[in-house]
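Scroll down for the structure; my scribbles are underneath it.
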Amino acid sequence: METTFFHVFRNTPLGREIFMQSLYFCKHTRASIKIYIPEFTKFLMYFDNDVVQVDLDESYLTQPTTARSHAIALAVEAGVEPFFIPPMNFTALTLPDVSVDFDFMCCPRSISDFSSKISLGHIGPRVRRIVNAARFPVLIPSSQFKEWKSIMVFFGGSANAVNALNLGLYLSRITELPLDLFTQAGELSQAHFIEILKEHYIDEEVEASVRKWHFFQEGKFEHNLFDVPHNALAVLGAYGHGLVKEMLFGSTMEMVQSTLPNPLLIAGPNYLAGSR
Amino acid sequence: MKLTIEEIARRLDLNLETLDRWIRQGRIPVTKKGNEGVFNEPELKRWARSHRRSYRMSPRSDKNEIQQGGCVLTSAMERGGVFEGVQGGDKPSVLKNCVALVPDLPLEFQAPLYNQLLEREALISTGVGRGVAIPHPRNPLDQGISSPVVGTFFLDQPVDYEAIDDQPVFVLFLILSPTVQGHLTLLSRLSYCLRDGTFVSFLKKIPGREAFLARVKKMEKNIDGKEK
Amino acid sequence: MRKTIFWRYPARLSFFRMDDRLLLISIGVIVGLFSGLAAVGLNRSLIFMLEGLYHLRHLWWAFLLPAAGAMASSIFLEKIMKEGAGHGIPEVIYSVSRYGGLLRFRSSFSRLISSSLTIGSGGSAGPEAPVVMSGAAIGSTIARFFYLNDRQRTTLVGCGTAGAIAGIFNAPLTGLIFTMEIILGEWSMVNIIPIAVAAVAGAEISRILQGNSIAFESSGFHITGVDLFASLGLAVVAAFASILLTRGLRRMHGVSVKIKIPMWVKASIGGAAVGLLGFFVPEVLGEGYHSIHDMIQGVFKGGIGIAALAFFAKIFATSLTLGWGGSGGIFAPCLVIGSFAGLAFHRLLAFGFPGTPLVNEGCFALLGMAGLISGILQAPLTGIFLILEITASYEVMLPLIIVSVISTTVTHYFEPDSFYHKDLKERGELLRPGTDSRVLADIGIREVIETDCITVSPQMLLREFFHLLKHSTRNYFPVEDPETGEFLGIVELGDVRSYIFNTVMYDTVFVEQIMNSNPDVVHYDDNLADVLETMDAKSRFSMPVVSNNRFVGMVSKATLLDKYRDELNVQTSQAF
């Protein structure tokens, strides 16, 4: 079974940086890339329990005549074979639906915002909804392409974090890049987390595969984040502690992406590692 | 009851994707909780029945499964027994005596089996030449035999069998199998062995049980090796 | 650990898992209430706007009012709500048929606001479609809140639409029938009860807040044989009117699409045109229920000419409003146009055959309405019940049935698809439950793929290949490049059957010579209906599935039959 990666192509230099990150991801995880060159500013994604309307800003429709050739050129350069998906079904004349049958998707931090906000900024609400509803992990790229050489999984102990960890293990296996763990444990001991790993039968695999476990019992989260290598892919689970709690106390996801410039791979609550 | 989705798919013999989709669409009385499905077993069984599906608890075990490869002929022959000096002056009496000798065959099945053998002989003789015959019932035996069996009977006196080459027959291999598949496999292997002239000569010397089975085993191992 | 809030997952309670009727009925009531409220809200705001702008109507610049309203509505819908307006009801039908009724939350209220702007300012459209859309979206949102599955969500969407129609017309039976006939497209026992209950809830809340009034009361009609005969003619007239309206709308929309100006400018132009028209024929403005009222009472002033003029004017005005970007539905305009048609026809008959004992012209207006609704929506039941409930004239049952059914049939010859279904049918998106296209749309390639093929390499000798036959159970052998694993072609047993006994070829022929190196292939995201079409066209019973240039498995018609039957079985079963 092939793994597929969904990317919405933006025919601008900024879009190029994002696209190159998606291509790099696909190359190293041996996924095939499915590129959508938008013809309309809106499209719908029908998930299991939610329908998300994605409003792209006008720059996504730049120069449609050159978009395809640009995309092909970049893909060929990266060594990935490009596949294009035209919109098949339409909810209304100008509102296509896009299939959600992918294994990964690339979402810029804020899909509908201006180019300037692509660099460190908050994660747009639409992206959050996609993460929440989708069965696949979402890749949130950094603003500039940089080859990542290791994988850092943020393990907070929740069920979603375990999923993220399984995802990280899978990625490490298939890319053959080193895997590190990051846990901001506060008062909990490392044994507590090892217990959680045991419950899910992955303690041995973690023992064997993880290069270094950055375990912090002190210090502020944002400060400890400095330990994350500049060229690592950050993997984390979202909404691990319940939506309300996150809204009140802030979420790990928020904090990580506002402090780290690294690309993030976020596994939402409906993602089940190994389900494909 | 809570089971993984994969397990439920296996029990219902459903494609995993299809099951997932039916749960999402609400067409099967299972609700999803993470990687598991929650359901009420009697309900699910009822659902399965009304949708012409089977709900299977244990892994599929086909009691008629023939082991592919691995010396089936030898095992069948071991079960069927090797007999010498079988009496009989003509085909029917020889066959009757053979049937009586088949181990573990309940008495009530002997007569039907004998009739089936005769019916088969009526179609065309099972004497395949060089003194060898391979009688078998016209239809697979669905009762009386649980696993395939080949009885080897060396006759006291060669008997006119209306064989293909008109030579009298001195050895019978009685093939009994509950399935057509089993029958064909045994027949195929046996004929392969019989093609070998040296084997037929070996048979003419009326070897003892051990030597006979050993020889057959060696030949079968050869076949298995070739098939890999 | 994520805590599951148990009360938000009622479908998980084992009591509800097998038989969720009780659950759906209770939630259906809630949905019905909310959509009924939405209907009442829209009604109120329309009345409010009507009364508020009334005193301005005689001013010279009054024609700009509809323009302003349409412009505001367009800006609101496009820029603020970013809805991507379509008519609305086709979107509901589409979502119900494909995605179990998933609708965007914003649709619950956006159309209410935009249509009140359009219609309240004088635009020629109806409030029903927006309210149906809102009701549907309300049902969908509530279903999502409780994490219900596709089937349950569809039922609740149905509850929403039923409650909406019931609320806006004070017609619960029509709400039920409209939902089953048009939105869901199937009459399943499981759905009827919650939807009926929701319709009652919607109607009830409307009665509580607005009073239990019959919309178009009449003084009773006395039908005779002549009238039955005349209804035949009326049916044809109504059919003609439906066709005219449908084509007018389409033409107008086609014209407006070609003109490349911003949406809101288009909308204001359309609105202005309607406003101007309204100076001369004031009946075209707004919903038009006033005129219907007069017509049914038999007090409509003006002769045949005026009636005919009003008829054409309203068709034109509706096409302008809706084709040029205004927001609203066609229900109400259909009723108005229908009554004009009926009225004009009656006067024509009275003129042409003076002395014939025809029934009161109000009755004809009524029948005209039914004919138009039935014709344009291809829904005779909805037409019949709607007219019955909004006029409470049960004595006209016989001509009503005649007109509705015949109008539907005659219209069908020229415009076979319902107004709501046309766009969907053109795109091939209309999937009715239990139909071939629906079954095929649901089954994915991954569900029918068979992966038990033995692969061969192109350099394999024929001898080895035949030896392989002993172990295989299939008739197709994919050929893969031994180094890269790339899919090169496929060997079909049928092609080589004749060589099996030709031992000379055994050592002289390679697999690559006997393979089909350019077979038709299937991809994972292919549409199963397309795959079947290819199979039929090329007389193939199996096709290879290739992904990323690698062979993954085969799709065969034989397995497909099994899956198809299972799927059809599961889709059409009443409950579980």
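The tail of the calculated P(r) for region C:2-210 beyond 24 Å holds 42 percent of all Cα-Cα pairs.
Counting only alpha carbon atoms, the long axis of helix C:557-572 and the longest principal axis of chain C meet at about 30°. Here B:Lys217 is the anchor, and the aspartates and glutamates within straight C-alpha reach of less than 17 Å, apart from those fewer than 8 places off in the same chain, are B:Glu78, B:Asp196, B:Glu227. Protection proxy ranking for A:133-143, B:97-107, using the average of other Cβ atoms within 10 Å per residue and placing the highest first: A:133-143, B:97-107. Counting only other chain Cβ atoms within 10 Å of each residue's Cβ, the peptide C:150-161 averages 2. Counts of other chain beta carbons within 10 angstrom of each beta carbon in peptide A:45-52 average 6. If I model chain C as equal point scatterers sitting on the Cα atoms and use the Debye formula, what is log10 I(q)/I(0) at q = 0.12 Å⁻¹? Values returned for q = 0.12 Å⁻¹ are -1.10. Taking Cα centre as origin and charging only the Cβ of basic (Lys, Arg, +1) and acidic (Asp, Glu, -1) residues, the dipole magnitude of the protein assembly as shown rounds to 1340 debye.
Of the trypsin sites (Lys or Arg not before Pro) found in region C:287-362, those in coil by DSSP whose Cβ has at most 14 other Cβ atoms within 10 Å are C:Lys301.
Considering every alpha-carbon pair of region B:1-136, the percent of pairs per 5 Å bin, from zero through the bin containing the longest distance, is 2, 8, 13, 14, 9, 6, 5, 5, 7, 9, 9, 7, 4, 2, 0, 0.
Projecting the Cα positions of C:Ala379, C:Ile47, C:Ile269 onto the charge dipole of chain C (unit charges on Cβ atoms of Lys, Arg, Asp and Glu, taken about the Cα centre) puts C:Ile47 furthest along the positive direction.
Write down the Å³ per residue value for the convex hull defined by the alpha carbon atoms of region C:150-213. Could the numbers behind the result be given before it?
Details: hull volume 3.9 nm³, N = 64.
Taking only Cα atoms, region C:150-213 has a hull volume of 61 Å³ per residue.
P(r) for region B:2-59, from all Cα pairs and a bin width of 10 Å, is 25, 66, 10 %, short bins first.
Quick check: from the Cα gyration tensor, does region C:163-315 come out rounded (a/c under 1.5), prolate or oblate? In terms of gyration-tensor shape, oblate.
Could you list the GluC sites (Glu not before Pro) in region A:29-100 that lie in coil according to DSSP, counting only those with at most 15 other Cβ atoms within 10 Å of their Cβ? Provide the component values of the computation, followed by the final result.
Values: sites: A:Glu39, A:Glu58, A:Glu77; in loops: A:Glu39.
Passing both the DSSP loop test and the Cβ count: A:Glu39.
Given the Cα atoms of region C:225-426, and with Rh set as the inverse mean 1/r over their pairs in the Kirkwood sense, what is Rg to Rh to two decimals? The partial results should precede the final answer.
On the way: Rg = 16.6 Å, Rh = 16.9 Å.
Using Cα coordinates only, the ratio equals 0.98.
When C:Tyr499, A:Tyr60 are arranged by Cβ crowding within 10 Å, least crowded first, meaning fewest neighbours, the order is C:Tyr499, A:Tyr60.
For the protein assembly as shown, the mean residue ellipticity at 222 nm estimated from helices alone is -16000 deg cm²/dmol, where every DSSP H run of n ≥ 4 contributes -39500 (n - 2.57) and the total is divided by all residues, rounded to the nearest 500. Converting the Cα gyration tensor eigenvalues of region C:439-572 into ellipsoid dimensions via √(5λ) gives semi-axes, longest first, of 30, 15, 12 Å.
Rounded to the nearest angstrom and ordered from largest down, what semi-axes does the equivalent ellipsoid of region A:152-208 get from its C-alpha gyration tensor (root of 5λ)? Intermediate values should be presented prior to the final figure.
Values: eigenvalues 71, 28, 20 Å².
Semi-axis lengths for region A:152-208 are 19, 12, 10 Å.
Neighbouring Cβ atoms from other chains, within 10 Å of the Cβ of residues in A:86-99, number 5 on average.
Taking N as the number of residues in region C:24-109, what is its alpha-carbon radius of gyration divided by 2.2 N^0.38 Å?
Working: Rg = 17.1 Å, N = 86, 2.2 N^0.38 = 12.0 Å.
Rg over 2.2 N^0.38 Å, computed on Cα atoms: 1.43.
Which translational diffusion coefficient, to the nearest whole µm²/s, is obtained for region B:63-227 from the Stokes-Einstein equation, given a Kirkwood hydrodynamic radius over C-alpha pairs, 37 °C and 0.692 mPa s?
On the way: Rh = 15.8 Å.
This corresponds to a translational diffusion coefficient of 208 µm²/s.
If one computes P(r) from the Cα atoms of region A:125-185, what percent of pairs lie at distances over 19 Å? Spell out each step's value before the answer.
Numbers: 762 of 1830 pairs.
Everything past 19 Å amounts to 42 percent.
Dipole magnitude for chain A: about 520 debye, using +1 per Lys or Arg Cβ and -1 per Asp or Glu Cβ, origin at the Cα centre.
Out of the chymotrypsin sites (Phe, Trp or Tyr not before Pro) in region B:72-153, which ones are loop residues according to DSSP with at most 14 other C-beta atoms within 10 Å? Provide the component values of the computation, followed by the final result.
Numbers: sites: B:Phe83, B:Phe109, B:Tyr114, B:Phe153; in loops: none.
For chymotrypsin sites (Phe, Trp or Tyr not before Pro) across region B:72-153 that sit outside H, G, I, E and B with at most 14 neighbouring Cβ atoms in 10 Å, the list is empty.
Going by Cα centres, region B:1-33 and region A:147-164 are how many Å apart? Distance between centres, Cα-based: 29 Å.
Taking a 32 Å limit on the Cα-Cα distance, which of the listed pairs A:Lys220/C:Lys82; C:Lys314/C:Lys422; C:Lys79/C:Lys422 fall beyond it? Don't skip to the answer; put the middle values down first.
Values: A:Lys220/C:Lys82 41 Å; C:Lys314/C:Lys422 22 Å; C:Lys79/C:Lys422 27 Å.
Among A:Lys220/C:Lys82; C:Lys314/C:Lys422; C:Lys79/C:Lys422, the Cα-Cα distance tops 32 Å for A:Lys220/C:Lys82.
Among beta bridges from DSSP that stay inside the protein assembly as shown, the antiparallel ones total about 50%.
When +1 charges are put on Lys and Arg Cβ atoms and -1 charges on Asp and Glu Cβ atoms, the dipole computed for chain B relative to its Cα centre reaches about 1260 debye.
Note on chain A: GNM, Cα springs under 10 Å; of A:Gln217, A:Gln21, A:Gln257, the largest mean-square fluctuation is that of A:Gln217. Compare the Cα positions of C:Leu228, C:Asn360, C:Leu64 along the charge dipole of the protein assembly as shown (+1 at Cβ of Lys, Arg; -1 at Cβ of Asp, Glu; about the Cα centre) and return the one farthest towards the positive end. So the residue furthest toward the plus end is C:Leu64.
Every number in this text was worked out from the coordinates using simple rules, so none of it is lab data. Every value quoted in this text rests on a predicted model; they were computed, and no experiment measured them. Cβ sites come from the backbone with ideal geometry, for glycine too, and all protein chains shown count toward neighbours.
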